[in-house]
Amino acid sequence: MTPETPLIRTLIASKLDMKNVALAFVASAVIAIAAQISVPMFPVPMTLQTLAISVIGLTFGARLAGATLLLYLAEGAIGLPVFANGGAGMVKLFGPTSGFLWGFAGMAFLTGWLVERGFSRGAFRLFLAALIPAALLYVPGVLGLWAATPLELSEAFKVGALPFFVGDIVKSVIAAMAVAGGWSLLKNRKNAK
């Protein structure tokens with residue numbers, strides 16, 4: 001099966017160039033902003049990060065989306081306040097939310113990989129490409145929470161996963177609809193020429 005072209009790859013060149021570098025920096029800033037839009041919960045806040053990451057994965061493809069999230073983690077590691085609630089520093093990458101933070105890179109890569117493997121068009125396929133990686137994010141997230149706190153594994157699941165399921169379904173729907181809308185706009189623009 002030949003890889004499909006994600007939305008951003010359709011609009012710009014597919015090789016690494018300054019456009020891709022600029023896209024990664026802009027997208028990492030969008031994730032940082034989304035991280036500040038949160039519902040305070042303990043020990044893991046509910047933010048719009050996963051919505052931003054899903055859209056980035058759905059539009060950038062695997063490599064650029066994964067690289068964007070690694071850039072985001074590096075920005076936080078050097079002290080930029082890009083994590084939830086203005087958090088920053090290496091300590092965040094090894095604390096209670098570390099599994100989620102590291103998992104974001106895998107989530108972005110897998111979302112892009114699914115898009116490149118046939119989930120790029122149609123709202124339902126885009127929804128699945130957003131939801132599956134968002135659901136798999138709970139694996140490193142809950143394990144990281146369990147490892148960094150005195151919580152039992154079942155308790156870590158109850159506080160680190162259960163409260164977020166419905167929100168992740170809604171965010172996956174929003175991401176899929178936004179990207180499907182982007183494809184429709186692109187198609188309409190091409191048909192108008």
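Overview of results
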| quantity | calculated |
| --- | --- |
| The chain, Cα convex hull volume normalised per residue, Å³ | 113 Å³ |
| Area projected by the alpha carbon convex hull of the range 54-97, averaged over all directions, nm² | 3.3 nm² |
| Mean ellipticity per residue at 222 nm, deg cm²/dmol - from DSSP H runs of n ≥ 4 across the chain, formula -39500 (n - 2.57) | -22000 deg cm²/dmol |
| Contact order relative to length of the chain, as percent, for alpha carbon pairs under 8 angstrom and 6 or more apart | 25 percent |
| Net +/- balance of residues flanking W183 in space, Cβ distance below 12 Å, scoring K and R +1, D and E -1 | +4 |
| Cα pair distances exceeding 21 angstrom across the range 47-145, given as percent | 29 percent |
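Coordinate-derived values only; no laboratory data. Predicted model only: the values in this text are computed from it and were never measured. Heads up, the Cβs are rebuilt from the backbone with ideal geometry, glycines too, and the neighbour counts pull from every protein chain shown.
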